[in-house]
Structure formats: C-alpha cells, structure tokens
C-alpha cells in the first residue's frame, strides 16, 4: 500500500535531481486535483525548482488555461494521451520551466466507460531538447488509491526524465 511518506520520499528524490541539474518543473493536473503539486511542495526549498502547477479539472479550464484544443477534447476525450500531451505542452509554454508533466484520468468511483474504465490515467512528460513521453495506466483501488498511484507514476516519470543525459 502506497503511503504519504512514500510520495514524499519520491518528491525529495526528484528535488535532488532537479537541483543537481539546475532544472525547473511545471505540472498540469486533472484527476489528481493538485496532489502532485502538494506532494512536491512538502519539500522545503522546492520553490527553487518548482515553477508552478495548473489544476485543470474541467474541459473548459484545459482549453482556457493550457490551450488544449476543443477538437482534441471532442475527438479523443479528456482522458487521452493526446490531451495529456497538450496539457504538458501548454504548461511548458506558459511557465518557462525546463520540464513539464501532465496527468488526466478517471479516479472514480463513477465516470468510467467500457472503453475507459475507472482507473484509466494518461500521462505526458516533456523537457527542453527532449521528445514527449506518454503512457496510459490502468490502476485499481478506490479514488484515493488511484490518485496516489497516479501521483507516484507522474513523479517517477519525472525522476527518470531528470536522469536522462539529453536534457
């Protein structure tokens, strides 16, 4: 079982890597509702490497704040890698950060479908001189479990990105 301490430890690890490489971060969150930013800001001194976070829960906010296209939302749905990409790109462009990550999904208990059941979560990560990385996971558990697993996956992806040599 994932704990708050597990998430905090991951955020500490991320912060060390970002500081060492002199990188900054921005986030775009939907289904996690700011959990990733909250975990990251538990770390004293995170203001030196965490630029900002966008909580864009509604489609309208994704469009207005992150420039996610209405066409993409209608064609692919809010829970899609295509929307995660546009969220990450929007946050990246607005913030001026070195790295960007986005998460959008269905935390439940309702809202799922046969094609996209509860627990479907899409991610995107990007950095300067780095191609976009995307993935979709299918998590199990209750709403809190899914949100925590999503935060863990997002932060672990950022750690992997900070370890790549081409940033």
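Read-outs: derived from the displayed coordinates by stated rules, not from any lab. Because the structure is predicted, anything quoted here is derived from the model rather than measured. Positions of Cβ are backbone-derived with ideal geometry, glycine not excepted, and every protein chain shown enters the neighbour counts.
To the nearest whole percent, what portion of all C-alpha pairs in the chain is separated by more than 20 angstrom?
Tail fraction, whole percent: 45.
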Top of 78, 115, 97 by mean-square fluctuation, Gaussian network on the chain, Cα under 10 Å: 115
What shape does the range 72-147 take by its C-alpha gyration tensor, where a ≥ b ≥ c are the square roots of the eigenvalues and a/c under 1.5 counts as rounded, a/b above b/c as prolate, and the rest as oblate? prolate
Using Cα pairs closer than 8 Å and at least 6 residues apart in sequence, work out the relative contact order for the chain, in percent. 25
In degrees, nearest 10, the alpha-carbon axis of helix 4-21 is tilted away from the dominant principal axis of the alpha carbons of the chain by 50
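Which value at 222 nm does the chain reach when only helices count, each DSSP H run of 4 or more adding -39,500 (n - 2.57), with the total divided by all residues and rounded to the nearest 500 deg cm²/dmol? Intermediate values should be presented prior to the final figure.
On the way: 6 runs with 75 residues, N = 167.
-14000 deg cm²/dmol, from helical runs alone.
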If neighbour count is taken as other Cβ atoms inside 10 Å, put 62, 114 in order from fewest to most. 114, 62
For the range 87-126, what log10 I(q)/I(0) values come out of the Debye formula at q = 0.23, 0.24, 0.34 1/Å, with one point per alpha carbon and no solvent? -0.68, -0.71, -1.04
Please find, in a Gaussian network model of the chain (springs between Cα atoms separated by less than 10 Å), the residue of 32, 72, 153 whose mean-square fluctuation is greatest. 72
At a threshold of 8 angstrom on Cα-Cα distance, excluding pairs fewer than six apart, so keeping six or more, what relative contact order does the range 1-93 reach in percent? 27
